[in-house]
Amino acid sequence: MANWCRISSRTIANHMRKRMNQGFIGSAADISQTSGLSSALNNGRPVSDRNRRYQTSSPWNRATLLCFQRFKSTEAEKQQDSFLSSDSDDDHQSLDFPGGKVSYTSEMSFISESSQSRVPCYRVLDDDGELITDTSFQQVSKEVAVKMYSNMVSLQIMDTIFYEAQRQGRISFYLTSAGEEAINIASAAALTEQDIILPQYREPGVLLWRGFTLQEFADQCFGNKADYGKGRQMPIHYGSKKHNFFTISSPIATQLPQAAGIAYSLKMDNKKACVVSYIGDGGTSEGDFHAGLNFAAVMEAPVIFFCRNNGWAISTNVSEQFRSDGIVVKGRAYGIRSIRVDGNDALAVYTAVSAAREMAVNENRPILIEALTYRVGHHSTSDDSTKYRKLDEIVYWKNTRNPVNRFRNWVQSNGWWSEQQETQLRNSVRKQLLEAIQVAEKTEKPPLSEMFSDVYDYPPSNLEEQEKHLRETISRHPSDYPTDIPV
Amino acid sequence: MALRNILGKRFGVGLAGRRPLSTATCDVESGNAKAINLYSAINQALLIALETDPRAFVFGEDVSFGGVFRCTTGLADRFGKARVFNTPLCEQGIVGFGIGLAAMGNRAIAEIQFADYIYPAFDQIVNEASKFRYRSGNQFNCGGLTIRAPYGAVGHGGHYHSQSPEAFFCHVPGIKVVIPRSPRQAKGLLLSCIRDPNPVVFFEPKWLYRLAVEEVPEHDYMLPLSEAEVIRQGSDITLVGWGAQLSIMEQACIEAERDGIFCELIDLKTLIPWDKETVEASVRKTGRVLISHEAPVTGGFGAEISASIVERCFLRLEAPVARVCGLDTPFPLVFEPFYMPTKNKILDAIKATVNY
Ligand SMILES: Cc1ncc(C[n+]2csc(CCOP(=O)(O)OP(=O)(O)O)c2C)c(N)n1
Ligand SMILES: [Mg+2]
């Protein structure tokens, strides 16, 4: 399972020594890095060959890994206590306060509003898809890597074709994940299918990864009778019970406290699974973000809060959204372990989510991941983002920082992918999609009775009465009603 | 016919059916008036509010670049970022902040991006804004607060871009709820709301933002709150509505007239505190009343009007009060044409009531 790879000659002992020597004066960033993830990653043995040879059989078993994580976690928490209070002169005088001892200080100083430097962003691949020297990451097999890449491409093509279908008026709305393909696919790839997803809306790649078919996507967007949501919601509001993917709801951030409740239930049932709840940078401003994180921390619920910080919430830039160093620093305020990761680096996302999952599931705790990325497309088909942001910025992220190209370079450099496969894949996905759209378009809409079902488990008398009345109206005025909805 | 054609057709219906209703009967002085759409009328009102009061502020999600419905276009450029600004994505924050601003004697004009997203701010509106004056014995008030939010169906909005939540707010003493039917009404009513010394929730019919075009005076004018308007005279039945629904009701009135039924159509405009007298006077004349709104019928504001009219005009009523409203389901995407209180549903109810 956990097959951690390390591409440097540092050893765990070295790492620990270095950390301990730093004492407790390190910045917030240093400390959060020491906990959880980096400890999990840096428990490695030296691996000499930088680029090609990965450890395929895990030389340390999960128990050692976890035991080590626990040790490091506790260490980090102690550091945190000391960091937040003080270790100065009168530390023999301390206040026994609910929640733990607080030492006194005679020095009047405020905790700074920010640390001196921004929390660094974990990455594995550089912009060209080359492994960065001295990086540590979780290896992915050829099979997984190729599936990841193929899914990223499928997601791109799906976005292009559905977007076009909206422009042609065939579906009423669409929203792309362009620029966030690595987040979508790599985070999904690092989970098990028992892990439960509470999406925001820009994560259809998670469903794609889990096997939701292009036909199923198309059926939802066309709101036909094959749509699991029975045509009731706008396009892109997917949901699939069999894929453990809760149905998307447009109101922002509402899923976060729900995620804590679902995770708590998993814990009570002793399931070896966690919840992953996605949220945008904008979504973190909602009250539900606070509620979700705080509940998860207090209830010790195994949930990963995955924040896609893509720089924009419709036209609102992150500088108008919050004045903290992004999202990652908010985790600590709730007592949640957090990491910032390059969201355009599939390997970094994969590694971070794998580590987060291990901690969430084995230690019953929430983890916060902030993935830095960029919304390359317009917010949705209702938006024109050139009204509020520079074209240069879009082009830069689309080309220079393209997550799909970056991952492709890495996959290709391993000899796992060829130009020919690329062409074949693109042609075949495009063809499947066009077919799926045609089928979805021709498929009947859900019957009228579905308007009244599912409001409750069973329709109460007012709905029965309204349905009867509506049917009478339809028979009087048939031309008022669409003919493709069976009455 | 495929649904998209129907959606298209509904837009067609919308275009015809939701054309602006004349504001002829209100006493807006003529002068320079240009034909503009509803979002531009809102924009003009906001501009005048900012221009005439240096303590006026306009804010909400994405308002800086003009807002997702373009209502705040140009305002940030003209009045600066300190007075017209984006807020973080947090409705409770927007309203709470607005209450604070208003409590200090400012005019806080807050935008909620969609009425469907007003619920995170429910507590701030229901427990805070509405009771600010009462609970302090009138030491404090947040009367300068106006909350604007686009509401109602658009043909493709599904659950969360279609709702008409006005009834929730009509259950809250201490706030006013106002809904305009056309561009000219929107400008005059919004200016009244902004300048009213009470917190107001102002719902804008988003279906009409672009569709409704009407001559709107360029100058600063206000239309009175809590005054309903008889926009069509008739003797056989009184129809009461507000916002976008009025244009549908008007079509029904026109068709009913072909059958010799003369409907009186009333735009309530202010839902609380509402103008019972105008409605009562009309019902006393016609002996029949029909109320229509997009929100689900159960617990809708139509129920309140119905009860009040029965209380006041029981002996005069010649038929039960009729309600043609949205159904008691969440707002459904593909079933929207079935859900809506359409012209023919209204027409059927008019005839049934008149022939009772
Ligand atoms: C409660 C609520 N308020 C407002 C909206 C309107 N809205 C939809 S998406 C969005 C921006 C979200 O931005 P972010 O969370 O950063 O996600 P992104 O679109 O960038 O993926 C807004 C304001 C909403 N859906 N829900
Ligand atoms: Mg965003």
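Residue by residue through the range B:238-255, which ³J(HN,Hα) values in whole Hz follow from phi under the Karplus form 6.51 cos²θ - 1.76 cosθ + 1.60 (θ = phi - 60°), with glycine and proline marked x?
Those phi angles translate into 9, 10, 10, x, 7, x, 4, 5, 4, 5, 5, 5, 5, 4, 4, 4, 4, 5 Hz.
Mind checking the log10 I(q)/I(0) for the protein assembly as shown at q = 0.07, 0.09 Å⁻¹? Debye, one equal scatterer per Cα, no solvent, two decimals.
Scattering profile of the protein assembly as shown, log10 relative to I(0): -0.61, -0.95.
Please state, as a whole number in µm²/s, the translational diffusion coefficient that the Stokes-Einstein equation yields for the range A:386-445 at 10 °C and 1.306 mPa s, with Rh defined as the Kirkwood radius across alpha carbon pairs. Mind showing how you got there, number by number?
Working: Rh = 14.7 Å.
Estimated diffusion coefficient is 108 µm²/s.
Going by alpha carbons, how many degrees (0 to 90, nearest 10) lie between the helix axis of B:91-103 and the longest principal axis of chain B?
The angle comes out at about 70 degrees.
Give the A-B buried accessible area in Å², both sides summed, 1.4 Å probe, nearest 100. If you can, show how the numbers build up before the last one.
Working: alone 23260 and 14360 Å², together 33770 Å².
The contact between B and A buries close to 3900 Å².
Give me the log10 of I(q) over I(0) for the range B:169-246 at q = 0.13, 0.21, 0.24 Å⁻¹, as the Debye formula computes it from C-alpha points; what are the numbers?
Log10 I(q)/I(0), no solvent term: -0.44, -1.06, -1.25.
Round to the nearest 0.05 the FRET efficiency obtained for residue A:128 and residue A:272 when R0 = 30 Å and r is the Cβ-Cβ distance.
Working: r = 38 Å, r/R0 = 1.26.
So, using R0 = 30 Å, E works out to roughly 0.20.
What does the charge add up to near residue A:476, with Lys and Arg as +1, Asp and Glu as -1, over the other residues with Cβ less than 12 Å from its Cβ? Intermediate values should be presented prior to the final figure.
Details: positive: A:471, B:345, B:351; negative: A:472, A:480, B:348.
Value of the local net charge: 0.
Provide a whole-number value for the mean count of partner chain Cβ atoms within 10 Å of the Cβ atoms in peptide B:118-125. Before the final figure, lay out each step's value.
Numbers: counts 0, 2, 7, 1, 0, 1, 0, 0.
Mean partner shielding for this stretch: 1.
Convert each backbone phi in the range A:249-262 into a coupling constant with the Karplus relation 6.51 cos²θ - 1.76 cosθ + 1.60 (shift: θ = phi - 60°), then list the ³J(HN,Hα) values in order as whole Hz, x for Gly and Pro.
Running phi through 6.51 cos²θ - 1.76 cosθ + 1.60 with θ = phi - 60° gives 10, 5, x, 6, 6, 4, 6, 6, x, 5, 4, 5, x, 5 Hz.
Report, by chain and number, residues whose modeled amide H sits under 5 Å from the one on residue A:180, excluding near sequence neighbours (fewer than 5 apart, same chain).
Counting only residues 5 or more places away or on other chains, the set is A:376.
Using the basic label-point model (7 angstrom from Cα toward the beta carbon), what is the residue A:143 to residue B:308 distance in nanometres?
7.0
With the radius of gyration and the Kirkwood radius both derived from the Cα set of the range A:136-440, what is their ratio Rg to Rh? All intermediate terms of the calculation are to be shown ahead of the outcome.
Working: Rg = 18.3 Å, Rh = 19.4 Å.
Ratio of gyration radius to Kirkwood radius for the range A:136-440: 0.95.
Can you work out the accessible area per residue across the range B:229-354, with the rest of the protein chains kept in place, probe 1.4 Å, in square angstrom?
On the way: 3840 Å² over 126 residues.
Using a 1.4 Å probe on heavy atoms only, each residue of the range B:229-354 averages 30 Å².
Mind listing the Cα extents of chain B along all three principal axes, in Å, largest one first?
Principal axes ranked by extent give 59, 51, 44 Å for the Cα atoms.
Distances longer than 16 Å among the Cα atoms of the range B:229-354: what percent of all pairs is that?
Numbers: 4493 of 7875 pairs.
In whole percent, the long-distance tail amounts to 57.
Hey, with R₀ at 22 Å, roughly what FRET efficiency would residue A:423 and residue A:386 work out to, going by the Cβ-Cβ distance, to 0.05? Spell out each step's value before the answer.
Details: r = 32 Å, r/R0 = 1.43.
It comes out at approximately 0.10.
List every residue whose amide H lies under 5 Å from the amide H of residue B:56, counting only residues 5 or more places away in sequence or on a different chain, with H placed 1.01 Å from N in the peptide plane.
Excluding prolines and chain starts, which carry no amide H, the hits are B:107.
Can you work out the FRET efficiency for the pair residue B:135 and residue B:277, with r the C-beta to C-beta distance and R0 = 45 Å, to the nearest 0.05? Spell out each step's value before the answer.
On the way: r = 30 Å, r/R0 = 0.67.
Efficiency for this residue pair is about 0.90.
Contact order normalised by length for chain B, with contacts defined as Cα pairs under 8 Å and 6 or more residues apart; what percent is it?
Values: 790 pairs, mean separation 61.3, N = 356.
Value for chain B: 17 percent.
For chain B, what is the mean residue ellipticity at 222 nm derived from helices alone (per DSSP H run of n ≥ 4: -39500 (n - 2.57); sum divided by total residues; nearest 500 deg cm²/dmol)?
Values: 13 runs with 128 residues, N = 356.
Only helices count here, giving -10500 deg cm²/dmol.
Could you derive backbone 3J(HN,Hα) for the range A:392-398 from the dihedral phi with the Karplus parameters 6.51, -1.76 and 1.60 (θ = phi - 60°), listing whole Hz in sequence and x where the residue is Gly or Pro?
Karplus-based 3J(HN,Hα) across the range A:392-398 equals 3, 5, 5, 5, 4, 6, 5 Hz.
Going by a 1.4 Å probe on protein heavy atoms, which residues of the range A:317-361 end up with at least 20 Å² less accessible surface in the whole assembly than in their chain alone?
A:320, A:321
Helix B:183-195 versus the longest principal axis of chain B: what angle, 0 to 90°, nearest 10, using Cα atoms?
50
Of B:187/B:269; A:101/A:330; A:225/A:442; B:276/B:345, which sit over 18 Å apart, Cα to Cα? Intermediate results must be reported in sequence, preceding the final value.
Working: B:187/B:269 13 Å; A:101/A:330 23 Å; A:225/A:442 11 Å; B:276/B:345 25 Å.
In this structure, A:101/A:330; B:276/B:345 lie more than 18 Å apart at Cα.
Can you list residues whose amide H is under 5 Å from residue A:275's amide H, if they're 5+ apart or on another chain and H is modeled 1.01 Å from N?
Residues meeting the criterion, in which the H sits 1.01 Å from N, are A:196, A:303, A:304.
The values are calculated or read from the model by the stated rules, or taken from the named source; none is laboratory data. Here the structure is a predicted model, which is why all the values come from computation and not from measurement. Please note: Cβ atoms are built from the backbone with ideal geometry, for glycine as well, and neighbour counts cover all protein chains shown. The protein model used for the area step is the full one, side chains on, heavy atoms only, and it has no ligands, DNA or RNA in it. Shrake-Rupley method; radii C 1.70, N 1.55, O 1.52, S 1.80 Å.
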